[in-house]
Each structure stands twice: as structure tokens, then as C-alpha cells.
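Engineer: Below you'll find the structure I mean.
The values are calculated or read from the model by the stated rules, or taken from the named source; none is laboratory data. What you are looking at is a predicted structure, and each value in this text was computed from that prediction instead of being measured. Don't worry about glycine lacking a Cβ; one is built from the backbone with ideal geometry, like all the others, and counts go over all protein chains shown. In case anyone asks, the SASA skips ligands and DNA or RNA and just uses the protein heavy atoms, side chains included. Shrake-Rupley method; radii C 1.70, N 1.55, O 1.52, S 1.80 Å.
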Amino acid sequence: MAGHADTVIALGVRVEGDFTSKGDVVIDGEVTGTVHTDASLRVGESARIQADVSALSAMVAGEIHGNIRVADRLDLMESSRVHGDIEAQTLSMAPGAVVNGRVSMGAMEAQPADEVEGEE
Amino acid sequence: MYSYIYDEFVQSPKFKKELDTIESRLTDLGMSGKVVRLALFRDPSDIIAGEVSRGLSTVVAVGNDETARRVLDVVAEYPGTTFGYIPLGTPTHLARLLGIPDGVEACDVLSGRIVETIDMGVVNGKRFLAGIASAKFDARITVSGFRMRATSPGSLQVRNLAVGFVPSPELVADPRDGKLEAVLEVEERRGWNPFRKRRSGRSVLPFTHMEIDGDAPVTIVADGEEMTSDHFDISVEPKMLKVITGRGRMF
């Protein structure tokens, strides 16, 4: 799952708080709070996220309790479980993926630059 | 102008022949300079500070990684001064990272003078070049805005370059990017079956400032020096040090 991501939250690690990054992020562990990246996000099968998530693009195979906002493409794999609302430009959903929430697709308003914090 | 800081151990008869060859090669290359010999109770910081104030531009550590660390600590205080390294003895992992061969061949690297300006890390006010390691790490990590903790004890590395022997360049961080890299490795057994294979996770986190807080004192090794505390404050000082590297450097 790791690939060449800038940041990896691996299995066996728990993160609490507002997690922000400008680079690619891979999450296989547990995250509570909020997650934001200006680049791509990959949520692995073992990941358990209780947070609102925003990213440029995302691939989700794990579980997310929170709203997902993706500026470009969101891929929900067959093992994914999403309990929250989804906003994405493009959505791809594999058979078996579970979504409990509202889904809206199409043009999204750009997020104001001052809402995006620096890296870390 | 060059100054060569000889560690105490390289002045033993064991290294005499190699040291003579090095001095001869440096003369051939037109790079001879002042030689300062360290002794047991002679603090390199006072010696180097004195030399730099007299207009010294390049300080070369002659010895092993411990020698390099002692010299680096002082050189970093003087912007404009360049650090060089002629590895003799062991360990010389830092030389591998910088692309500097052992012994007399290092003279040609110094002569080539490929200078990189690199970052240095700071832990509890003390500078480090390569990195920090903690073998049995069980503490809370705080990076601006969030906290991170392993669910079971693991190992932590904080890399400016890399820690210890590095078999491949993929394990080396870029010391020019203005960031440090934390690598937290944890093994986790899933379920109750004791024969079930453990799964290991390797978390990677780039950062500029981090705090470590332990419920009990945590022991870390920063560039070979052991430190124990229940709180560590780790940050990066970007573009802090000018260092001569070889073409074979690992970053």
C-alpha cells in the first residue's frame, strides 16, 4: 500500500487531531479528527478513520466514519465502508462497496486557499 | 584555507603510514593546511572557533564518524565555513552517505569540491546531521495539529540523512528539503492466535517540528550520542551546513 507516498500512517499507529499534508498520503492505521491533503489519499483495507476527509483524489478500501470531499476522482474499492456524505467530481464504486450517506457529483467549488494549512 | 582536525586515535602508530600517504596526497593537490591534533581533554570547539576567527574557510575532520560529529557541531556555528571529511578507522557510515571513500582517496573528493548546503536537525538544543534512533519506542509524538502513537512498542528513526549503515539510497532522506523524516515501525499481531504471523507497519512522516513525550523516560541515540529524557523537542535548521560531498553521495 505504501508506494512512494510522502506520508504513511501504517497499521499499528493511531493519529488524533487535524492531519494536513501537501503531498500524497497513505493511511492503513487509525485516524480520529480531520484529514486533509492537497494531493492524493489512499485509505487501505485495514484503515479505520473517524474524520472528515478532503483530498485532491482518493482511493478508499477501508472504513471511514465522516464526510468525504474530493476535488477530482474518488475510487471506492469493494472492501470500502463509508458512513458519511460524499462530494466528488468523479466517483467510481466497486461492487460490494458500502455508502451510507448522501452522494453528490459534478463541479465542486474550489476550496479557499486560506482554509488549507501548511504541511504537517 | 584548510584546517585538518586529527582525532586522537589516528595519531597512533597503526594509522601512521596511511596518514603520511594522505598528507603527501594533499600536498600534491595543493591542499595542505594547518593540522590540529585533538587530545583527550582538548575541546575541539575552542580550537575550531579560534581557527575560523582567523579566516579559515574549510575544516576537515580526519577520523571516524565520532570525529566528524564533534567537528560538525562546531562548524555549523560558523556560516560560510565548509565541512570536509577524511574517513579513517570505523565506523564511517556518514562518509558512505556523503559519497566519501576511506583514506587517501578522500583527498581527491575534497579536491573535487562538490559543496552541498544541507539541513541539520536539532534535538533538545543539540544538533545532529545523520539522524536519531530509538530501538524500544513507546511514546506520544506530537506534530503541529495532531498526535500520533503506536498501539504497541516499536522503533523510531528520525532522519535528516539516515541512521547507521544504509544498504540502499531509498532509505536515505534528502537533507536539502528543509524537513526531517520520522519513520515509526510497529509489529502488530492480529487476533488471539499466537501462531498467527505478525504484521508490521512502517509509518513515514515528514515534519519540521516534533515533540516526543513518554510516560517513562525514553532513550534515543542522536548521531551516536545517547540521550534519555521524558520529553524531546526535535526541529530542523534548514540550509545550515556547507559540506563537501563525493559524486557517489546517497542523497
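Engineer: Listed residues B:Asp102, B:Asp73, B:Asp43; which is open to solvent by less than 70 Å² (accessible area, probe 1.4 Å) and charged (D, E, K, R)? Let's see the steps before the verdict.
Structural biologist: Values: B:Asp102 fails: open to solvent by less than 70 Å² (accessible area, probe 1.4 Å); B:Asp43 fails: open to solvent by less than 70 Å² (accessible area, probe 1.4 Å).
B:Asp73 is the lone residue from the list that is open to solvent by less than 70 Å² (accessible area, probe 1.4 Å) and charged (D, E, K, R).
Engineer: To continue, here is another question. Among what's in the range B:121-132 and is among the small types (Gly, Ala, Ser) and surrounded by 23 or more Cβ atoms within 10 Å (Cβ to Cβ), pick the residue that is nearest to the other protein chains (Cβ to nearest Cβ).
Structural biologist: Applying the first criterion (among the small types (Gly, Ala, Ser)) to the range B:121-132 yields B:121, B:125, B:130-131.
Filter once more, so that each one left must be surrounded by 23 or more Cβ atoms within 10 Å (Cβ to Cβ): B:121, B:130-131.
Details: B:Gly121: 15, B:Ala130: 21, B:Gly131: 18 Å.
Looking at the filtered set, the residue picked out is B:Gly121.
Engineer: Would you tally the residues in the range A:54-80 being assigned to a strand (DSSP E or B) and crowded, with 17+ Cβ neighbours inside 10 Å?
Structural biologist: Within the range A:54-80, residues that are assigned to a strand (DSSP E or B) and crowded, with 17+ Cβ neighbours inside 10 Å number 15.
Engineer: Now, a different point. Sort through B:Leu98, B:Leu171, B:Leu110 and tell me the only one that's within 14 Å of chain A (Cβ to nearest Cβ) and touching a strand residue (DSSP E or B) at 6+ places or on another chain (Cβ under 9 Å).
Structural biologist: B:Leu171
Engineer: Something else about it: Check off (1) more than 10 Å from chain B (Cβ to nearest Cβ); (2) under 26 Å from B:Asp138 (Cβ atoms); (3) touching an Asp or Glu at 6+ places or on another chain (Cβ under 6 Å) for A:Gly66 and give me the number that stays unchecked.
Structural biologist: (2)
Engineer: Looking at (1) at pLDDT 95 or above; (2) on the phi < 0 side of the Ramachandran plot; (3) away from chain B (no Cβ under 14 Å), which is the one condition that is false for A:Ala110?
Structural biologist: (1)
Engineer: Taking B:Glu51 as the residue in question, decide whether it is open to solvent by 40 Å² or more (accessible area, probe 1.4 Å) and not hydrophobic (A, V, I, L, M, F, W, C).
Structural biologist: No; evaluated as a whole, the condition is false for this residue.
Engineer: Now a separate question. Kindly establish whether B:Phe232 is aromatic (Phe, Trp, Tyr) and free of Cβ contacts under 8 Å to residues at least 12 places away in the same chain.
Structural biologist: no
Engineer: Right, here's the next one. Just need a number here: residues in the range B:220-229 that are in a strand (DSSP E or B) and in contact (Cβ under 8 Å) with a residue 12 or more places away in the chain. Please lay out each step first, then the result.
Structural biologist: Narrowing the range B:220-229 to residues in a strand (DSSP E or B): B:220-222, B:225-229.
Still in the list and also in contact (Cβ under 8 Å) with a residue 12 or more places away in the chain: B:220-222, B:225, B:227, B:229.
Matching residues across the range B:220-229 total 6.
Engineer: Quick check on my filter: what residues within the range B:230-251 are open to solvent by 70 Å² or more (accessible area, probe 1.4 Å) and either acidic (Asp, Glu) or assigned to a strand (DSSP E or B) (or both)?
Structural biologist: Across the range B:230-251, the qualifying residues are B:Asp230, B:Pro238, B:Lys239, B:Lys242.
Engineer: Which pairs turn up if I take residues in the range B:199-219 that are more than 7 Å from every other protein chain (Cβ to nearest Cβ) and free of Cβ contacts under 8 Å to residues at least 60 places away in the same chain and look for partners that are among the hydroxyl-bearing types (Ser, Thr, Tyr) and open to solvent by 10 Å² or more (accessible area, probe 1.4 Å) with beta carbon separation below 8 Å, at least 6 apart in sequence or on another chain?
Structural biologist: Pairs that qualify, where the first residue is more than 7 Å from every other protein chain (Cβ to nearest Cβ) and free of Cβ contacts under 8 Å to residues at least 60 places away in the same chain and the partner is among the hydroxyl-bearing types (Ser, Thr, Tyr) and open to solvent by 10 Å² or more (accessible area, probe 1.4 Å), are B:Pro217/B:Thr228; B:Pro217/B:Ser229.
Engineer: Let me ask you something else. Return the only residue of A:Ala97, A:Ala61 being within 11 Å of the chain's Cα centre (by Cα) and more than 10 Å from chain B (Cβ to nearest Cβ).
Structural biologist: After applying the criteria, what remains is A:Ala61.
Engineer: Here is a follow-up. Do we find that A:Thr34 is polar (S, T, N, Q), open to solvent by 40 Å² or more (accessible area, probe 1.4 Å) and touching a Phe, Trp or Tyr at 6+ places or on another chain (Cβ under 8 Å) in this structure?
Structural biologist: Considered against the rule, which asks whether it is polar (S, T, N, Q), open to solvent by 40 Å² or more (accessible area, probe 1.4 Å) and touching a Phe, Trp or Tyr at 6+ places or on another chain (Cβ under 8 Å), A:Thr34 comes out as yes.
Engineer: Now for a separate question. List every residue pair whose Cβ atoms sit under 9 Å apart, with the two residues 6 or more apart in sequence or on different chains, where the first one lies in the range B:133-151 and is more than 10 Å from chain A (Cβ to nearest Cβ) and the second, anywhere, is open to solvent by less than 50 Å² (accessible area, probe 1.4 Å) and assigned to a loop (DSSP other than H, G, I, E, B).
Structural biologist: As it stands, the answer is B:Ala133/B:Val163; B:Ala133/B:Gly164; B:Asp138/B:Ser152, since those pairs meet every condition given.
Engineer: Scan the range B:133-162 residue by residue and report those that are of a type in the set (Val, Ile, Thr) and open to solvent by 20 Å² or more (accessible area, probe 1.4 Å).
Structural biologist: B:Thr142, B:Thr151
Engineer: Of A:Ser80, A:Ser40, A:Ser92, A:Ser21, which residue is under 30 Å from B:Leu180 (Cβ atoms), in contact with a strand residue (DSSP E or B) (Cβ under 8 Å, 6 or more places away or on another chain), more than 14 Å from chain B (Cβ to nearest Cβ) and not charged (D, E, K, R)?
Structural biologist: Sole residue among the options that is under 30 Å from B:Leu180 (Cβ atoms), in contact with a strand residue (DSSP E or B) (Cβ under 8 Å, 6 or more places away or on another chain), more than 14 Å from chain B (Cβ to nearest Cβ) and not charged (D, E, K, R): A:Ser40.
Engineer: Can we say B:Glu18 is in contact with a Gly (Cβ under 6 Å, 6 or more places away or on another chain), open to solvent by less than 90 Å² (accessible area, probe 1.4 Å) and either in the same structural domain as B:Cys107 (by TED's automatic domain parsing) or more than 22 Å from B:Val115 (Cα to Cα) (or both)?
Structural biologist: yes
Engineer: Regarding B:Leu88, is this residue surrounded by 22 or more Cβ atoms within 10 Å (Cβ to Cβ), farther than 24 Å from B:Met240 by Cα, within 22 Å of the chain's Cα centre (by Cα) and free of Cβ contacts under 8 Å to residues at least 40 places away in the same chain? Please lay out each step first, then the result.
Structural biologist: Working: surrounded by 22 or more Cβ atoms within 10 Å (Cβ to Cβ): yes; farther than 24 Å from B:Met240 by Cα: yes; within 22 Å of the chain's Cα centre (by Cα): yes; free of Cβ contacts under 8 Å to residues at least 40 places away in the same chain: no.
So B:Leu88 fails the test.
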